[in-house]
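Student: Sharing a structure with you now.
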Amino acid sequence: MEEERLVTQVTPKSEDFSRWYLDLIRRTELADYAPMKGMMVIRPYGYAIWENIQRLLDERIKASGHVNAYFPLFIPEGFLRKEMEHLQGFAPEVAWVTQGGADELEERLAVRPTSEAIIGFMYSKWVKSWRDLPVLINQWANVVRWEKVTRPFLRTTEFLWQEGHTVHETYDEAQAETLRILDMYRQFVETELAIPVLYGRKTEQEKFAGALATYAIEALMSDGKALQMGTSHNLGQHFARVFNIRFEDHNQSLQYAWQTSWGVSTRLIGALVMAHGDDSGLVFPPAVAPFQVVIIPISIGNWKENTLPRAVELRSRLERVGIRVFLDDRSEYTPGWKFSEWEMRGVPLRLEIGPRDVKNNQAVAVRRDNKEKLIVSLDGVEAKIKGILDGIQASLFDKALAFQKENTCQVSSYQEFKSVIENKRGFVQAFWCGSEECEARIKEETMATIRVIPLEEEKNQKGKCIFCQKEAGTLAVFARSY
RNA sequence: CGGGGAGUGGCGCAGCCUGGCUAGCGCGCCUGCCUUGGGAGCAGGAGGUCGUCGGUUCAAAUCCGAUCUCCCCGACCA
């Protein structure tokens, strides 16, 4: 009880999840509101997480044969108009540049909401032969979507992301790439962010505007709502046909190319907050935490002479083995204040060093995830800390997985479906006949949408549609979502 | 974009209905002393043209209008 009162500037999570989320983000300095609608500043503590995400994901992107490039921020209106479904999907949220300096532009420029159009145009110039394929390019960029409703990290007018854009000879290759990336995202999110995901195909209603098929990873936040964390699209030949991306194949026949695109965004930071955070604040998995360890010297007596040097030494020992450490040697705050502060900021492991510890050649380690306290000898401390951090990473995932399992259920009647969505939330598996009407009516009546049709469920399933009772071959996963 | 709520020092709020003298309070911040193993104490101090623009009035945080931003609930979305 007393402990929960420590963080007085943040609404408790159990009391009001939405306010907890917003309070926490500002109080811990992940982000702050900018004065323009829907825009935010990602502050250094939040941006550090993005840099870790970038570094770790970029490694995976490159390891799978992709290279980085950069395309223009602006897209001529005519380019967006080429693919009708794409245009219709994005038109309501495109920001336009109509003027350059004092002169009105002849053709207005879209601030990219996504880059398929401009990249499609460039690819048509670069792809001529089967020997040019595959093209495997990724870009790290910002995009702008003029959304009606915004929320820090989850949906902002401008956001940062990576978008991969590939070109292939055949449908099969494009489809293989689409699924390979989906799996890469799954592994990345589960390994580095410690968030378990469901993955599968999106319905026609939910797919990317202009794609043949969209696949996504979806995770459950701790309020029981789902969050789409990444998407991978098989674009088919839609963009190739309108941008004329053609190549001569092995038989000297001219073919339209097959494409994919895929992305994850700064939304992942919001997911970290909502998936792992608790009443004491943020809880970051060590893999992406801005600081993995915070060292707090216990300031008693002439601690600057006796204790601080040991803390400094400990910091360099840990840094030498690649651990991100912050030594909080500020004398204006008490140790107790620092404990709470760094707990709120989600640092995975706290190391306390006081006179007792100096005498015994040890430190007191306190895990953020379970508040467990343990004495760690400074002999071989590097390996021990690494071991603890690995343990935290693993147990955060296990905890989130247990939560996901507890909050996933299969229902067989519409009554049950409505009751679970209304009261317990979480993922709800139910048979669906495949009709858009049933999907739409369910959404209208329950606010739940089909998050994914799990890959392994796509075949060999038989049941009755939860809504219309007709024969259904698809076991879909429904949830209310962000 | 529709419905509702809200903008007052960094944060959380009071004051507004019923206009009036120096715009208050808690936390935070600054200085000093003293403390420091779970958000210490005392003393002194700084900081606000009350979101913005306009109107009414002798006089506006307060009344009226417009506008910007935030939050909640819906329609749209990474």
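The values are calculated or read from the model by the stated rules, or taken from the named source; none is laboratory data. Computed from a predicted model, the values in this text were never measured in an experiment. Glycine gets a Cβ as well: all are built from the backbone with ideal geometry, and neighbour counts include every protein chain shown. Surface accessibility is based on the protein's heavy atoms, side chains included, excluding ligands, DNA and RNA. Shrake-Rupley method; radii C 1.70, N 1.55, O 1.52, S 1.80 Å.
Student: Condition check: aliphatic (A, V, I, L, M), away from RNA strand B (no atom under 14 Å from the Cβ) and in contact with a strand residue (DSSP E or B) (Cβ under 8 Å, 6 or more places away or on another chain). Does residue A:378 satisfy that? Spell out how you get there, then give the answer.
Tutor: Working: aliphatic (A, V, I, L, M): yes; away from RNA strand B (no atom under 14 Å from the Cβ): no; in contact with a strand residue (DSSP E or B) (Cβ under 8 Å, 6 or more places away or on another chain): yes.
For residue A:378, the condition - aliphatic (A, V, I, L, M), away from RNA strand B (no atom under 14 Å from the Cβ) and in contact with a strand residue (DSSP E or B) (Cβ under 8 Å, 6 or more places away or on another chain) - is not met.
Student: Would you mind finding the one in A:248, A:218 that is within 15 Å of RNA strand B (Cβ to nearest atom) and among the acidic types (Asp, Glu)? Write out each step before concluding.
Tutor: Working: A:248 fails: within 15 Å of RNA strand B (Cβ to nearest atom).
Matching residue, one of A:248, A:218: A:218.
Student: Condition check: in contact with a Pro (Cβ under 8 Å, 6 or more places away or on another chain) and within 11 Å of RNA strand B (Cβ to nearest atom). Does residue A:266 satisfy that? Spell out how you get there, then give the answer.
Tutor: Numbers: in contact with a Pro (Cβ under 8 Å, 6 or more places away or on another chain): no; within 11 Å of RNA strand B (Cβ to nearest atom): yes.
Criteria not met by residue A:266.
Student: Here is a further query. Among the numbered criteria (1) part of a loop (DSSP other than H, G, I, E, B); (2) buried (at least 21 other Cβ atoms within 10 Å of the Cβ), which one does residue A:240 miss?
Tutor: Single failed check for residue A:240: (1).
Student: Here is a follow-up. Would you mention how many residues in the stretch A:182-197 are touching a residue at least 40 places away in the same chain (Cβ under 8 Å), of a type outside the set (Asp, Glu) and open to solvent by less than 40 Å² (accessible area, probe 1.4 Å)? Can you show your working first?
Tutor: Going residue by residue through the stretch A:182-197, those that are touching a residue at least 40 places away in the same chain (Cβ under 8 Å) are A:182, A:184-185, A:187-196.
Those left that are additionally of a type outside the set (Asp, Glu): A:182, A:184-185, A:187-189, A:191, A:193-196.
Within this subset, residues satisfying the condition of being open to solvent by less than 40 Å² (accessible area, probe 1.4 Å) are A:182, A:184-185, A:188-189, A:193-196.
Looking only at that region, the number is 9.
Student: On to the next question. Filtering the stretch A:427-472 down to residues that are loosely packed, with under 15 Cβ neighbours inside 10 Å, among the acidic types (Asp, Glu) and within 15 Å of RNA strand B (Cβ to nearest atom), which residue is nearest to residue A:232 (Cα to Cα)?
Tutor: By that ranking, first place goes to A:436.
Student: Scanning for something open to solvent by less than 70 Å² (accessible area, probe 1.4 Å) and within 15 Å of RNA strand B (Cβ to nearest atom), does the stretch A:60-70 turn up at least one residue? So that I can check it myself, show each step before the final result.
Tutor: Filtering the stretch A:60-70 down to residues open to solvent by less than 70 Å² (accessible area, probe 1.4 Å) leaves A:60-61, A:64-66, A:68-69.
Adding the requirement that they be within 15 Å of RNA strand B (Cβ to nearest atom) leaves none.
No, the stretch A:60-70 contains no residue that is open to solvent by less than 70 Å² (accessible area, probe 1.4 Å) and within 15 Å of RNA strand B (Cβ to nearest atom).
Student: Which number in (1) open to solvent by less than 10 Å² (accessible area, probe 1.4 Å); (2) part of a strand (DSSP E or B); (3) away from RNA strand B (no atom under 15 Å from the Cβ) marks the one condition that residue A:255 misses?
Tutor: Only one criterion in (1) open to solvent by less than 10 Å² (accessible area, probe 1.4 Å); (2) part of a strand (DSSP E or B); (3) away from RNA strand B (no atom under 15 Å from the Cβ) is unmet by residue A:255, namely (1).
Student: Only strands (runs of 3 or more DSSP E) wholly contained in the stretch A:174-236 count here; list those with 3 or more residues that are out of contact with any helix residue (DSSP H, G or I) (no Cβ under 7 Å at 6 or more places or on another chain).
Tutor: Working: elements: A:198-201, A:213-220, A:226-236.
Strands (runs of 3 or more DSSP E) meeting the threshold: A:213-220, A:226-236.
Student: Is it the case that some residue within the stretch A:193-203 is over 20 Å from the mean Cα position of the chain (by Cα) and within 15 Å of RNA strand B (Cβ to nearest atom)?
Tutor: From the stretch A:193-203, those over 20 Å from the mean Cα position of the chain (by Cα) are A:203; that's our starting set.
Still in the list and also within 15 Å of RNA strand B (Cβ to nearest atom): A:203.
Within the stretch A:193-203, one or more residues are over 20 Å from the mean Cα position of the chain (by Cα) and within 15 Å of RNA strand B (Cβ to nearest atom).
Student: Looking at the stretch A:131-154 only, could you name the residues that are over 30 Å from the mean Cα position of the chain (by Cα) and surrounded by fewer than 15 Cβ atoms within 10 Å (Cβ to Cβ)?
Tutor: A:131
Student: Return the residues of the stretch A:318-327 that are under 10 Å from residue A:382 (Cα atoms) and open to solvent by less than 50 Å² (accessible area, probe 1.4 Å); say none if nothing qualifies.
Tutor: Narrowing the stretch A:318-327 to residues under 10 Å from residue A:382 (Cα atoms): A:318-323.
Of everything in the stretch A:318-327, those that are under 10 Å from residue A:382 (Cα atoms) and open to solvent by less than 50 Å² (accessible area, probe 1.4 Å) turn out to be A:318, A:323.
Student: Pull out all pairs, ordered by first then second residue, where Cβ-Cβ is under 8 Å, the residues are six or more apart or on different chains, the first lies in the stretch A:43-70 and is more than 24 Å from residue A:283 (Cα to Cα), and the second is open to solvent by 80 Å² or more (accessible area, probe 1.4 Å) and not in a loop (DSSP other than H, G, I, E, B).
Tutor: A:64/A:180; A:68/A:62
Student: Hey, residue A:330 hits all of (1) assigned by TED's automatic domain parsing to the domain that holds residue A:315; (2) open to solvent by 30 Å² or more (accessible area, probe 1.4 Å); (3) not in a loop (DSSP other than H, G, I, E, B) but one; which does it fall short on?
Tutor: (3)
Student: Can you pull out the residues in the stretch A:14-44 that are away from RNA strand B (no atom under 11 Å from the Cβ), closer than 22 Å to residue A:149 by Cα and open to solvent by 20 Å² or more (accessible area, probe 1.4 Å)?
Tutor: Within the stretch A:14-44, A:41, A:42, A:43 meet the criteria.
Student: Go through (1) open to solvent by 20 Å² or more (accessible area, probe 1.4 Å); (2) within 30 Å of the chain's Cα centre (by Cα) and name the single condition residue A:104 misses.
Tutor: Failing condition for residue A:104: (2).
Student: Would you confirm whether any residue within the stretch A:102-116 is assigned by TED's automatic domain parsing to the domain that holds residue A:257, part of a helix (DSSP H, G or I) and either over 27 Å from residue A:192 (Cβ atoms) or within 16 Å of RNA strand B (Cβ to nearest atom) (or both)?
Tutor: Initially, the stretch A:102-116 is screened for residues assigned by TED's automatic domain parsing to the domain that holds residue A:257, giving A:102-116.
With the extra rule that they be part of a helix (DSSP H, G or I), the set shrinks to A:116.
So of that shortlist, the ones also either over 27 Å from residue A:192 (Cβ atoms) or within 16 Å of RNA strand B (Cβ to nearest atom) (or both) come out as A:116.
So far as the stretch A:102-116 goes, yes, one or more of its residues are assigned by TED's automatic domain parsing to the domain that holds residue A:257, part of a helix (DSSP H, G or I) and either over 27 Å from residue A:192 (Cβ atoms) or within 16 Å of RNA strand B (Cβ to nearest atom) (or both).
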